[in-house]
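Each remark here refers to the structure printed beneath this line.
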Amino acid sequence: MIVPFSPPHITQDLIEEVLDTLNSGWITTGPKVIALEQEVKKLTDCKDVICVNSWTSGAMIVLKWLGVGPGDEVIIPAYTYSATALSVLNCGATPIMVDISNDFTIDTQKIREKISERTKVIMPVDIAGWMCDYDEIHKIVNDPEIKSKYVANSPNQEILGKILVLADAAHSIGAKYKKLNSGTAADITIFSFHAVKNITTAEGGAICLNLPDVFSSNKERDIMKLWTLNGQTKDENAGGWKYDILFQGLKVNMPDICAAIGLAQIKNYENSLIVRKNIFNTYSSYFSNFDWAELPPNSTNERIPSFHLYLLRIKGITEAQRDDIIELILQSEISVNVHFIPLPLLTLFRNLDYKIADYPNAYKNYSREISLPIYPHLTDDMIYFICQIVTDSYNKVCNAND
């Protein structure tokens, strides 16, 4: 039985939504993008939404809007996908890495010691759809002692008057933290709509604004929209042809042809989340029978995940043994993954002098982790097959000498 990791779910209503766009004669940014932004706004209860062509470009827009650049620092977890750090580097700023807690999210106790007068942003990452401890992060950035260190270097930094909390919510659309929807727990949240995400536009993302009331949300939305279109504005009184470039923007807008895919999916997302939750719970029910299995965090009174991935950890194994287990699983034509390789293990960041020894919990979790697939069209037979093969593979690797 072949089990892919996260194949696209192409339904008839998705095909019809895309065909509607093609037949409309408008395939770049237009009414479908506006409709998707409204759906994201409705799902999250955030103040405003700007759709973009990727999570990475969304993060770069937010950092540039805030005026983050050379000499500035952005605190991120060491355990995340490279885009988190690359968005910072691409703005000329420095990523300051922090270790993680055992639930895979940034260790809030270690954030405080990394804050300096150069810190402009804290970027927590919601791994696998499990949201970070945002109350504690907001408590840190609003601490009078921390705020006294804050040095504003741009007009928006001056207006904000504190470190920006920017959520990397690439995995967590539809999740909840203390009754807050993902999209409203931070000052700004960015979702990914990449092909393997819970909601996809093939490639894409969305910036969700939840800024303090010192900002006009509509105004900042309009400015960020300009950021996505080269900073270009048109003079409608000149027949729509005369334009100006207000600032050094980017070209990262989402086209309607992509938004149409997301529109079809977000309208059915509530049902999709139920299916994902059932798959997640089936895995947990099965693996809870084995002492060697460490289960990922599940729903509590305070947090409900989006069930994006199932991060299974194996107790008492080495990284090499984990790799051997994965190899056996792959030989059975089941696609699994690892989320994520800690940044300090990657060549780019090693060359920038980040050392994995400084992030022991990131390595401890990475070295034992295997990501199991979750998607709506994963059948019961496929789930049972995955569970059996994972168990058999563990036994072959870890009980070989018994």
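The values are calculated or read from the model by the stated rules, or taken from the named source; none is laboratory data. Just so we're clear, the structure is a prediction, and the values are computed from it rather than from any experiment. Neighbour counts run over all protein chains shown; Cβ positions are idealised from the backbone, glycine included. With ligands, DNA and RNA removed, areas are computed over all heavy atoms of the protein, side chains included. Shrake-Rupley method; radii C 1.70, N 1.55, O 1.52, S 1.80 Å.
Provide the FRET efficiency to the nearest 0.05 for the residue 152-residue 337 pair, computing r from the beta carbons and using R0 = 41 Å. Walk me through the numbers before you get to the answer.
Numbers: r = 41 Å, r/R0 = 0.99.
The formula returns an efficiency of 0.50 here.
Compared with the rule-of-thumb size 2.2 N^0.38 Å for a compact globular protein, the range 133-197 has a Cα radius of gyration ratio of 1.30.
Size of the dipole of the chain about the Cα centre, Lys and Arg at +1 and Asp and Glu at -1 on the beta carbon, nothing else charged, in debye to 20?
Numbers: 36 positive and 48 negative charges, 136 e Å.
Approximately 660 debye in magnitude.
The convex hull defined by the C-alpha atoms of the chain has an orientation-averaged projected area of 21.0 nm². Extending 7 Å from Cα along the Cβ direction at residue 5 and again at residue 241 yields two label points whose distance is 5.0 nm.
What Kirkwood hydrodynamic radius do you get for the range 287-402 when you take the inverse of the mean 1/r over all pairs of distinct Cα atoms, in Å?
Answer for the range 287-402: a Kirkwood hydrodynamic radius of 15.6 Å.
Here the Gaussian network model covers the chain, with springs between Cα atoms less than 10 Å apart; of 81, 134, 384, 384 fluctuates the most. Normalised by 2.2 N^0.38 Å, where N is the number of residues, the C-alpha radius of gyration of the range 298-359 stands at 1.47.
Heavy-atom accessible area for residue 65, with the other protein chains in place and a 1.4 Å probe, reaches approximately 10 Å². Estimated at the nearest 10 Å², the accessible area of residue 46 is 10 Å² with a 1.4 Å probe.
The distance from the alpha carbon centre of the range 59-79 to that of the range 95-138 is 14 Å, rounded to a whole number. Under the combined filter of DSSP loop state and at most 12 neighbouring Cβ atoms within 10 Å, the range 301-355 retains these GluC sites (Glu not before Pro): 302, 333. So, in Å, what gap is there between the alpha-carbon centers of the range 193-252 and the range 332-402? Here the two parts' Cα centres lie 37 Å apart.
Bridgeable aspartates and glutamates around residue 42 (alpha carbons under 16 Å apart, same-chain partners fewer than 8 residues away excluded): 270. Across all Cα pairs in the range 212-343, the calculated P(r) in 5 Å bins from zero up to the longest distance comes to 2, 7, 9, 12, 12, 11, 11, 9, 8, 8, 6, 3, 2, 1, 0 percent per bin. By the Cβ rule of 4.7 Å, the chain holds the following cysteines without a possible disulfide partner: 51, 91, 132, 258, 387, 398.
Dipole check for the range 271-372: with +1 at the C-beta of Lys and Arg, -1 at the C-beta of Asp and Glu, and the Cα centre as origin, the magnitude is about 300 Debye.
Between residue 195 and residue 23, full extension at 0.36 nm per residue minus the direct alpha carbon distance yields a gain of 59.6 nm. Comparing 336, 214, 141 in a Gaussian network model of the chain where C-alpha atoms under 10 Å apart are linked, the largest mean-square fluctuation is found at 214. In the elastic network of the chain, a GNM with C-alpha springs shorter than 10 Å, the most mobile of 131, 382, 123 is 382. Taking the charge dipole of the chain about its Cα centre, with +1 at Lys and Arg Cβ atoms and -1 at Asp and Glu Cβ atoms, the residue from 100, 177, 209 reaching farthest to the positive side is 209. Taking 0.36 nm per residue of sequence separation and removing the Cα-Cα distance, the residue 399/residue 292 pair yields an extension gain of 37.4 nm. Over all other residues within a Cβ to Cβ distance under 13 Å of residue 295, the charged ones net out to -1, with Lys and Arg as +1 and Asp and Glu as -1. When the inverse distances between all different Cα atoms of the range 1-109 are averaged and flipped, the Kirkwood radius reads 17.4 angstrom. Each DSSP beta bridge with both residues in the chain is either parallel or antiparallel, and the antiparallel ones are about 65%. When the residues 310, 363 are ordered by accessible surface, computed with a 1.4 Å probe over the protein chains alone, the sequence from largest down reads 363, 310.
Hydrodynamic analysis of the range 56-154 uses the Kirkwood radius over alpha carbon pairs. Inserted into Stokes-Einstein at 10 °C and 1.306 mPa s, it gives a translational diffusion coefficient of 116 µm²/s.
In a simple Cβ point-charge model (Lys, Arg +1; Asp, Glu -1; nothing else charged), the range 329-402 has a dipole of about 360 debye relative to its Cα centre.
Accessible area per residue for the chain in Å², computed with a 1.4 Å probe and the full protein assembly in place, what is it?
43 Å²
Three principal axis extents of the range 209-284 based on alpha-carbon atoms, in descending order, are 59, 34, 20 Å. Summed over qualifying helices (DSSP H, 4 residues or more, each -39500 (n - 2.57)) and divided by its residue number, the chain shows a 222 nm mean residue ellipticity of -11500 deg cm²/dmol.
Only Cα pairs under 8 Å and at least 6 apart count here; give the relative contact order of the chain as a rounded whole percent. The normalised contact order for the chain reaches 22 percent.
Counting every C-alpha pair in the range 29-90, the share spaced more than 16 angstrom apart comes to 57%. Largest accessible area first, the listed residues 82, 216, 87 line up as 216, 82, 87 when surface is computed with a 1.4 Å probe on the assembled protein chains.
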